[in-house]
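Some notes on the structure that comes next.
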């Protein structure tokens, strides 16, 4: 069995959504920045086709689809997305997913906020 760990990453993927607990977030929405890292063992035979690796377009489509459902807490959102990816790609061993709110609707807070999950397959 191969011990070569391969990582597929999506960086700074921008998706508009309506996640949050504040009325402004629910009404106006926000830009969310997604950063995702997926680890898997490279097959012994090498990587010859897309079936031997992780199709990042399929991963993006899964993320985008889940991001369309408004969710009050980003913690719920990152956990759901990580679980969906694990279900669709059984050979992924580790996921690190960060979702950042580009704008925070708190008058005294300047900057942004994010939630990150690091999840390992059992």
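None of the figures in this text is laboratory data; all of them are computed from the coordinates on show. This structure is a prediction, so every number in the text was calculated from the model and none was measured.
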Of 33, 84, 47, the one that fluctuates the most in a GNM where the chain has Cα springs shorter than 10 Å: 47
Note on the chain: contact order normalised by length, alpha-carbon pairs under 8 Å, 6 or more apart, percent, works out to 28
If I build a Gaussian network model for the chain, linking alpha-carbon pairs within less than 10 angstrom, which residue out of 92, 50, 21 has the largest mean-square fluctuation? 50
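Per residue of the chain, what 222 nm ellipticity follows from adding -39500 (n - 2.57) for every DSSP H run with n ≥ 4, rounded to the nearest 500?
The per-residue figure over the chain is -8000 deg cm²/dmol.
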Among 69, 31, 108: highest mean-square fluctuation, GNM of the chain, C-alpha pairs under 10 Å: 108
